[in-house]
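So the structure is just underneath, and the comments pick up after that.
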Amino acid sequence: MVGGGNTGDDVYTAALQRRQGLMGASGPSALVKNFKVFRIAAFACIGGVLYGYNQGMFSGVLAMPSFKEHMAEYDPFDDDADQTKKGWLTAILELGAWVGTLLSGFFAEALSRKYGIIMFVSIFILGVIVQATAIQAGPDAILGGRFITGMGVGGMACIVPIYNSEVAPPEVRGALVATQQLAITFGIMISFWIDYGTNFIGGTERGDQKDAAWLTPTCLQLFPAVVLLAGMVFMPYSPRWLVHHGNEEKARDVLASLRGLDSHHELLELEFLEIKAQSLFQKRTVAEHFPHLKEETKWNIFKLQFVAMGSLFKTKAMLRRVMVGTVTMFFQQWSGINAVLYYAPSIFKQLGMSDNSTSLLATGVVGIVMFIATIPAVLYIDRVGRKPVLVIGAIGMATCHIIIAIIFAKNEDQWETHSAAGWAAIAMVWLFVIHFGYSWGPCAWILIAEIWPLSSRAAGTSLSASSNWMNNFIVGQVTPDMLAEIKYGTYILFGLLTFIGAGFVWFFVPETKRLTLEEMDTIFGSEGVAQADFERMEEINRDIGLTAMLMNGHEHEHEHERSPELSDKDSAA
């Protein structure tokens, strides 16, 4: 969506080459170099800790007798009872998250990324408080509280990656967005072990266990939520949001502070002008096509979210982005990861672990291996790239599912006498989450945060994330019935879908590493974009001096390559 004909391509090719020459290599050293940005992104990722903690915590709570006492038919003691309502108890959080995700685009634009996070963490806190009343109110409080909590989780899960991607320089953007997934896995890990510990409060048997066994892990999530709420007040705004809302001077200052560079440094000037060009492009497009919405009022911003959402389906290039974002999230959820996270104790029990404490212990291992496996993604995703990691991870996950299905089919009625087979299946579950941890966990969120142009980033990310949450909801709802009815067929289904996911990535998902957010237009193509859009972007690039800066720098580089001796003489003179 930039430039006209070859001129537009030349501008962005020059931009990419010039920036890569200035910014240096990706990897752990780049994180050290950009430690301030890393620190800010890591703090925002407390939102990811809340998401992961809530996911993992509830799987253990579902297995606790004291919790079941208050849930009646929603979580029956009889494993042969109807499992549909149990699915609702789990999946209603995803339904709330889906609603929160759809609303997040508007609040991210109207309030800023920063205050959008603050608003949604406040909603999260309210939902936890409602759940804490379940001793008196029963399942209705859990259902209502988890829906509200889900809205907070969904909003944060959408806005935090946007915020991190917009404060990050290109060479560490993938790592900082992957930090969100690392935070999620950290939350999952600590929640599993907190569940394991609190499971012993009063005893582990029905009638002995105290309500504190499940109330403690439920209420503990308030602490990081309050820390995030208070700390985000002191975090910087997104420079991209500031530019788009007319505060260029502050945006330049924030960008200089984030990069640790002088405000007139060439690399900073290059990044600032590209951000400004995209912002002006959106504003001029809105003014031309929707003149009644060009005033930046809250109501117009709200209506523009629907306009932006509709625009995602109008050109081939944008439809390709929609496909990459929504289908990637579809395959992430139908890999079966949240079936494991939500129902791990039940799954391990079905694989031969009759003791609840032992199954919780095995669940705790899930959290540890997933967290450890996510760390390489944070360090090396910008060096290795997204596409190979996604393909390898999908093949690994799918293979684990098929092996589990084979072991299950052969030993379904003889776990007591074939305990080694049960442990082999459990080891495959652990290996499955390792493959997810380094691949589809972080990479899927990186893709949906970075593939969109500024004009439709909030709407595009919301649409992609809504696919995650809707499929998450479906998986959470149907998994108890699938485990009860088709048993090992559950793993065959997840395995086949994940193999298909590997093929989808290989054939349809482009590589996006080390490109700026604005340069995504180039790799997704510009088919179907009106010539007027090309001309508008060309005009903007010329008006703000971006074209001259890039092309002059490009010419100087070629002059140096052709005449190194002349350059030496000039330097000596």
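Every residue, every condition in (1) surrounded by fewer than 17 Cβ atoms within 10 Å (Cβ to Cβ); (2) over 24 Å from Ser112 (Cα atoms), yes or no:
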residue	(1), (2)
Lys294	yes, no
Lys303	yes, no
Thr315	no, yes
Arg320	no, yes
Met323	yes, yes
Met329	no, yes
Ser335	no, yes
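For Arg542, the conditions (1) at pLDDT 90 or above; (2) of a type outside the set (Asp, Glu); (3) more than 30 Å from Gly422 (Cβ to Cβ) all hold with the exception of (1). Is one or more of the residues making up segment 165-180 among the aliphatic types (A, V, I, L, M) and either in contact with a His (Cβ under 7 Å, 6 or more places away or on another chain) or open to solvent by 40 Å² or more (accessible area, probe 1.4 Å) (or both)? Scanning segment 165-180 turns up no residue that is among the aliphatic types (A, V, I, L, M) and either in contact with a His (Cβ under 7 Å, 6 or more places away or on another chain) or open to solvent by 40 Å² or more (accessible area, probe 1.4 Å) (or both). Would you say Lys410 is assigned to a helix (DSSP H, G or I), among the basic types (Lys, Arg) and closer than 28 Å to Asp195 by Cβ? It is false that Lys410 is assigned to a helix (DSSP H, G or I), among the basic types (Lys, Arg) and closer than 28 Å to Asp195 by Cβ. The residues listed here are Met156, Met189; of these, the one that is within 15 Å of the chain's Cα centre (by Cα) and touching a residue at least 60 places away in the same chain (Cβ under 8 Å) is Met156.
Residue pairs whose Cβ atoms lie under 7 Å apart, sitting 6 or more positions apart in sequence or on different chains, and linking a residue in segment 356-383 that is buried (at least 21 other Cβ atoms within 10 Å of the Cβ) and among the aromatic types (Phe, Trp, Tyr) to a partner that is at pLDDT 85 or above and assigned to a helix (DSSP H, G or I), are Phe371/Phe186; Phe371/Met189. Residue-level analysis places Ile129 outside the set of residues that are touching a helix residue (DSSP H, G or I) at 6+ places or on another chain (Cβ under 7 Å) and either more than 26 Å from Phe43 (Cβ to Cβ) or of a type outside the set (Phe, Trp, Tyr) (or both). Looking across segment 76-103, just one residue is open to solvent by 10 Å² or more (accessible area, probe 1.4 Å), more than 17 Å from Pro139 (Cβ to Cβ), modelled with pLDDT under 85 and part of a helix (DSSP H, G or I), and that is Leu102.
Exactly one residue out of Leu261, Leu280 is open to solvent by 30 Å² or more (accessible area, probe 1.4 Å) and either among the charged types (D, E, K, R) or outside any helix (DSSP H, G or I) (or both): that is Leu261.
Filter segment 194-215 down to the residues that are of a type outside the set (Asp, Glu) and either in a loop (DSSP other than H, G, I, E, B) or farther than 22 Å from Ile142 by Cβ (or both) and list them by number.
Asn199, Phe200, Ile201, Gly202, Gly203, Thr204, Arg206, Gly207, Gln209, Lys210
Within segment 479-490, is there a residue that is open to solvent by less than 10 Å² (accessible area, probe 1.4 Å) and modelled with pLDDT under 85? No, that holds for no residue.
Of all the numbered requirements in (1) over 18 Å from Asn54 (Cα atoms); (2) open to solvent by 10 Å² or more (accessible area, probe 1.4 Å), Ile123 misses one, and that requirement is (1).
Contact map, segment 258-284: residues that are over 21 Å from Arg39 (Cβ atoms) and of a type in the set (Phe, Trp, Tyr) paired with residues that are open to solvent by 30 Å² or more (accessible area, probe 1.4 Å) and in a helix (DSSP H, G or I), Cβ distance under 6 Å, separation 6+ or inter-chain. Pairs shown: Phe272/Arg252. Here Ile162 meets each of (1) closer than 22 Å to Ile123 by Cα; (2) at pLDDT below 90; (3) open to solvent by 30 Å² or more (accessible area, probe 1.4 Å) with one exception, condition (3).
The values are calculated or read from the model by the stated rules, or taken from the named source; none is laboratory data. The structure presented is a predicted model; accordingly, all values stated were derived computationally and were not measured. We place every Cβ from the backbone using ideal geometry, glycine too, and count neighbours over all the protein chains shown. Accessible surface areas use protein heavy atoms only, side chains included; no ligands, DNA or RNA. Shrake-Rupley method; radii C 1.70, N 1.55, O 1.52, S 1.80 Å.
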